[in-house]
Every structure is written in structure tokens, then in C-alpha cells.
1. Post the alpha-carbon centroid distance, region 227-290 to region 569-606, in whole angstrom.
2. Compute the distance in nm between two label points, each set 7 Å from the Cα along the Cα-to-Cβ direction, one at residue 141 and one at residue 589.
3. Compute the FRET efficiency between residue 499 and residue 578 as 1/(1 + (r/R0)^6), taking r as their Cβ-Cβ distance and R0 = 25 Å, and round to the nearest 0.05.
4. Starting from 0.36 nm per residue, how many nanometres of slack lie between residue 351 and residue 405 once their C-alpha separation is accounted for?
5. So how much slack lies between residue 442 and residue 85, counting 0.36 nm per residue of separation and subtracting their Cα-Cα distance, in nm?
6. Tell me, what is the FRET efficiency for residue 370 and residue 227 to the nearest 0.05, using R0 = 56 angstrom and their Cβ-Cβ distance as r?
7. Per residue and in Å³, how big is the convex hull formed by the alpha-carbon atoms of region 1-84?
8. What FRET efficiency comes out for residue 107 versus residue 185 if R0 is 51 angstrom and r is the Cβ-Cβ distance? Round to the nearest 0.05.
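FYI, it's all coordinate maths here, none of it is from the lab. Please read all numbers here as calculations on a predicted model, not as lab measurements. Here the Cβ positions follow ideal geometry from the backbone for every residue, glycine too, while neighbour counts run over all protein chains shown.
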């Protein structure tokens, strides 16, 4: 792969800038603060985009590189792959995704995967490496190759890491240690305490005990539910019965009109009967008395006359008495006759009176009969009304309604009190069951967390297993290839002063000198270690991608002496003549060295 053209419309301090790059060595020269680092960032941003993250800085990347003056925050990059396919990418940095065009200038942006976070992944699909790998392998900065004595051991470790794992910032032993520490700290085991999985298991056990205790309330709930429903139904029935009793009582109260009418009519009937009886008694008494009186008078008169006549005829000898006696008898008889005549007249009047009384009695009897019928009708209506009330309100007895109402209300009050007591118990059960629900939810969450931790533990263990396999495989396959490439590179760069680089079983880098002596890389000079590391980075680019990637060096030789600089430039020109090399520099040393050695290069001055 090679980069042909950069067109910067606006990016950081740079605007309206176009840079043409060629095969071989390209020198981008500019004084400090002229924008070299900005151009380098532009290249990576065109391929991978800018993020809104700070990435260790104080402000987000997209804000950091927002143009100072230019209105457009955009640019274009043209590049060509090893298969001769060429592409142009235009990116507006205010938008997430770029536009990708093929050599026919057809928009092929939709042919590539669009990641929600990273955006269009066209470059990853074409090259096969992500941004961090691109930056750590294709691009080499001054800060990555120039170290002071205190950092020497760290650089040696980087080289060892690269030889052992393929990444300069990854140490197999460190990874293993960190993974085991991660397993211990973030998961835990049966032998640990107060680790996440120990805490979760302890909490699960505690919750299970509490859950078993609360499960009893579940059975109580069903029983209490049934009891409450039963009581409510009973109260509902009794309230209906009470309502019927009250309605029946109201309707019964309305029948008092019938009772009053019946009572009044019975009283009238009694008065009629009394009046009838009085008239009958008066009539009979009068007749009896009159008949009795007449009869006694006649007997008395007869006896008196007979006695007088007998006495006068037998006892008295005196003539006058004999004369007087018959006269008296005649007179008395005359009196009797007069009396009888008077009596006759009185009897006639009595008969009239009797007739009048009989008529009056007949009228009274007729009134009595009518009143009886009226009373009978009233009683029938009254009884029908009572029967209707009994039927309508399902009441068997209307005689003691008030008492039944009181009793029924007392039953309802008693049932309601019982219901209230049970409902209080039920509410306590519900609170317990709510706690049970919370416990079950927490248990589910904890079990899920435990499952995730166990999965995490399994993943870490598998990672450790795979890492060991990969490490051994890398040691067997990749590391020998790296050390061979590295040995060749360091031999050429150091003028054959150092010929062979190897990593021993302890992970330490051993270098063979031109005299055949093996020395620890830590004993080399800082400059030599810098050369060693740069050689490793150059060699590593061959292994990271299917493409023959450009080599981008940013002030990588600032601390090289003239001899080392010439050696590295020769090496790059000879070894990587088919690889594009882009060197960012603030001095003319690289230009002068290349000119002195009559080597071709493309110069871009900022």
C-alpha cells in the first residue's frame, strides 16, 4: 500500500494544503510547530476518523483538531493497495462517516460495514488492522525510539515483549500475572474471601435461608385469601339479608294502615254487636217483666176476690158485708177490666216498640255483616301484603323484624371485626411476601451475576490456556522469524557490529557481537538499543498485515549520530525500496545525508 495524495481543507492549524507523496523515501520537512504532527494525525484520522473522547488529553480529539480559521473541517486522501486498486476518501470531520470512491469515482461507501461506535470500517476491511495497531506498527515516533538511561530497561522489556508476544506493550508474564490477579480480584474462588463471587455466594446463602422462612407465608396467604373471600361473601350475604329485613320492616310499617283500619272496624263491629245485644236484652227484659207483672196481678186479684167472697159468705154474718163483698168484687173486676184495657193499650205500644227494636236489630245485624265483610277484606289484603313482603324480601317471620335486624347487624359487626383482624394479618403476610418477591428478584440478579462471574472466570481460565498455547506457538513460529529479521536488520544498521539477536528461556534478549561474544541487551548503549527497537518495528510491519504498509517515521532519528543516520537511511533505501517511507523531520540532516549518498527522495516542505 502507498499514499499518493493528501488534501487538507481544514484540520487544526493547517488549511488549504495539498501534499503529493511518491514511492520510496518521502521527506516532510518543517520547523517545529509547522504542523508535522497535525499532518500525521490527519493521515490516521482520514483512515479511522476522529473520536469525541479525550484519549488522555484535556479536550476531545474532534475539538482539538477543529480548524483555527478555515470554515471547512474536512479533507481527502488518495491511496493505492498492493493489488493496484486505488481509492479516494473524503471525510467531513463534523460527520461520522466518510465517502469512499473507487478509481472510477463511484461511491462505494455502503459496501463496507458501518459500526455504531467506530463508523465506516472500510480501512480495517481493506488492510486488516485497527487504529491502535496501525499507530503502534506503521508509525514510529521520536518518543518511542529515544530513551534516556532510566528508560533503557523499559525499552529492553518492550523489545522482549514484541519478540515474545508480537506486541511491544504486552508481556506474556505480565499478562498471565494480570489475568490471574484479575481472576482473583474480580471473581475469586473457593479459597478466597471477600471477593465478588464469595460475597455473592454468601448473600445467596443468606437470602435462601430467609426465603425458606418466608415461603411459609405463601401457604398462609392462600389460606388467608380463602378465609377473607369467605368472610366477605358471608358479610355480603348477611348485608343483603339485613337490607331485605330493613326493607321488609319499612314495607311492614306501611301495612299499619291496614292494622289500624282493621282495629277501628273491629271496634265498630264490637260496638254494633254491643248495641245489638243491648237492644235484644232490653226487648227481652221488657217483655219478660211486663208478662210477669200482669200474670202476678191476675193471680193476686183472683185469689183476693175468691178469698173475700168466701170470707164474706161464711164468716161474716153481717148482711152489709155480704153485699159489699160482691160489690167490691164487681168493682175490682171492673177495675181489672179497666186495667186490662189499659194493659192492652200498653201491650200495643210494647209491640210497636218491639217492632222498632227488631228493625233496629236487623239494621245493626246488616251493618255487622257488612262490617265483617269489610274486616275480612282488609284482613285478606293485609295478609296478602304480608305474604308479598315475605316472598319479595325472603323473610319467614315478620313478627320480630326489629329484633332480627339488630341480631343480623350484630352478626355483620362480628364478621366485619373478624375480617378486619384477618386483613391486618393478611397485610403483614403481603409485606412479608413483597419482601419475598424482592428476595427472589435479588436472588435472580445475584445468580445472574454469579453466572456472569463464573463465565468470566471460565473465560479468563480459557484465555490463560489459549494464551499459553498461543505463546508457545509464537515462540515456536513467530519469534524465530522476528529474531531472524531483527538479526539481519541490526547487522546492517550496525555495520555488522552486532549479528544475531535471540531471546533466551528467561525472556531476556541476547545479542551476539562481531567477535562472537553474547551479551545481554541491557549492556548495550542507548543508541544501539534505539536501533534495535527501530529495527524490530520495521521488521514487525511485515507480519501485521497482508499489505506492504508504508513506514511512517516522526522525528525518529533526532538523536542518531551521522553514521547511524546514514546506516538507517541506507537500510531503508535498500531493504524497503518497494515500500513507501514517510519521514517527518524538523532538521535537514536526513535531506543532507540522502543527498550526500546520492539517494532518491521526495521532499515536501511545509
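1. 133
2. In this crude spin-label approximation the distance works out to 1.9 nm.
3. Numbers: r = 25 Å, r/R0 = 1.01.
Here the calculated transfer efficiency is 0.50.
4. Computed gain between residue 351 and residue 405 is 13.1 nm.
5. 122.8 nm
6. That pair, residue 370 with residue 227, gives E of 0.35.
7. Details: hull volume 9.4 nm³, N = 84.
Expressed per residue, the convex hull around the Cα atoms of region 1-84 is 112 Å³.
8. Taking R0 as 51 Å, the efficiency between residue 107 and residue 185 is 0.55.
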